[in-house]
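Asks: Sharing a structure below in structure tokens format, with a few things to ask.
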Amino acid sequence: MVSYESLKSGYERNWANLQIRPARLGEANATARKAINGKATYQQIERLTGVPWYFIALCHYRESNFDFDTYLGNGETLKRVTCLVPKGRGPFSSFVDGAVDALRIQHFVGTQDWCIARTLYRLECFNGLGYHAKGVNSPYLYGGSTLYGPTEANAGKFVADHVFDPSHVDTQLGTAVVLHAMMSQDSSITIDDSPSIAPRSEPDEDVASSVLLMQQTLNRLGANPPLDEDGISGPKTKAAVSQFQQQHALEDTGLLDGTTIAAITRAGLQPVRTANIDLSQVLGRLENLAQLLQPGATPTGATPIAIPPIGTVPAGSSNQLSQILNQLQNLTQALQPGATTPVSTTPAANPTVNVLGQLLSLITKTVPGTPATANPASTDQLKQVVDLLSALLSNKPVLGQVNGALGQTIGKMLDGKKTALGIGGSLITALLSAVTASPNAGGLAGLFGTIASAVPGLSQFALPISLALTAWGVLGKMEKWAQGTAPPPKPTT
């Protein structure tokens, strides 16, 4: 982050070495006289804001060449609402009213530190700090001096928004050059560079942290071009804020007011949403693939493939596994927008896990900023896809309607256990309902008596649940036998 403290010594060094080019000295003195001629008006603004009158005069020169019918913030006419950043300001009845507004939104009102380094820093912030990244002294400050342009220094100018021409030389005088000439003509302009005894935070510094946060958030939201995260609300930041306001139906001002800050913060905190993808075709292809893993099944348009248990794959089944992997690769390709050919994968130590990992990452892939208008059925489809993938990864057949009534995850947890749990629950419920609490009983008898007395009518609801669980388990076993997926009987010795 660019800060005043990091640039302070450079401003002080440049001011000490500033020399007006002899060919521009007459122009500099004439410009200084124009600035001094408007001193009375500028001093009115100084009394209202605390901003030195000469600083206001320098901004007025660069923005509108001392035209008192213009707005100090961007040089537009006072008679209409401004269309350039800052937008929506005015109309104003006088130059003084417009200037107070421009200085207020720059957070210059109430500032107290006006040493030469701070003055030059604020003047450059008024235009932007982009020249530091180009290795060029800003012509907004040093145009017409030996600190800018050949042969003594580098040239360069931003000839358009975000377009820098290293060979272009700005012909307008810089504000530091004009200030230098003003001080030679008006001895009342004194700049105190003595260190402050009790340093305090300046108003424009107080907002730097929030501006930095907004710049970072706008960059995450896709600001184009990306913003310099410097904590300074310069022209680029104002333009990005204006674009955000237009996109979110806010008042288009280009300023970080409370409403805009809240909206940018909310946008940055919103979770990314899944892409609006119809998963019906994906689900159908996964169902076919799941059927391929069930011995004897023949899905539509697919060749039956016998898949032996994990760890017992014979050497001749590599072609069969390749067919499954090809289908998964085609499915992965289907989830990638714009792709028309299957994704080619590099052989890995475990190609099955590799392809399934790609598929899962694509299914769960999110797209930042996608509007929340996805098909409502996509969520249910995605759940079915994940359930099917879980079955594929575990190399087990998909549960039927009875065993999978509570979903594949809970269904697999209860698979093969429902009957035992139901019978055990019925017995325990019957025993507990027959126990009578006794204050003198101890051990298990006392514990069971306490439980039975604490749950009145225990058998009225617990026993039916246990019996229903038992019946559910029996139906589940019948379903497995009908599907041919029941485990073989265990050999006895």
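The values are calculated or read from the model by the stated rules, or taken from the named source; none is laboratory data. Nothing here was measured: the structure is a model prediction, and the numbers come from that model. Cβ: placed from backbone, ideal geometry, glycine included. Neighbour counts: every protein chain shown. The area values use the complete protein model at the heavy-atom level, side chains included, leaving out ligands, DNA and RNA. Shrake-Rupley method; radii C 1.70, N 1.55, O 1.52, S 1.80 Å.
Asks: For q values of 0.20, 0.24 Å⁻¹, compute log₁₀ I(q)/I(0) with the Debye formula on a Cα-only model of the range 42-135, without solvent.
Replies: -0.96, -1.30
Asks: Roll a 1.4 angstrom probe over the protein heavy atoms and tell me the percent of accessible area of the range 90-134 that is carbon or sulfur.
Replies: Working: 740 of 1580 Å².
Ligands and nucleic acids excluded, carbon and sulfur reach 47 percent.
Asks: Under 8 Å for C-alpha pairs, at least 6 residues apart: give me the relative contact order for the range 100-221, rounded to a whole percent.
Replies: Values: 110 pairs, mean separation 32.0, N = 122.
Reported as a whole number, the value is 26 percent.
Asks: Among K87/K238; K417/K477; K39/K236; K87/K236, which pairs are too far apart, with a Cα-Cα distance over 21 Å? Show your work: numbers first, answer last.
Replies: Details: K87/K238 10 Å; K417/K477 10 Å; K39/K236 31 Å; K87/K236 14 Å.
Cα-Cα > 21 Å for K39/K236; rest within.
Asks: Same structure, new question: Could you compute the net charge surrounding G130? Neighbours are other residues with a C-beta less than 9 Å from the C-beta of G130; K and R count +1, D and E count -1.
Replies: On the way: positive: K134, K236; negative: D228.
Taking every other residue near G130 into account, the sum is +1.
Asks: Using a 1.4 angstrom probe on heavy atoms only, work out the carbon and sulfur share of the accessible area of the range 146-195 in %. Numbers along the way, then the final one.
Replies: Working: 1380 of 2680 Å².
C and S atoms contribute 52 percent here.
Asks: While we're looking at this one, here's another question. Net charge near E152, counting Lys/Arg +1 and Asp/Glu -1 over other residues with Cβ under 14 Å of its Cβ?
Replies: Numbers: positive: R21, R24; negative: none.
Charge balance in the 14 Å sphere: +2.
Asks: Rolling a 1.4 angstrom probe over the protein heavy atoms, how many square angstrom per residue are accessible across the range 1-135? Please report the intermediate quantities before stating the final value.
Replies: On the way: 6080 Å² over 135 residues.
Heavy-atom SASA per residue in the range 1-135 reads 45 Å².
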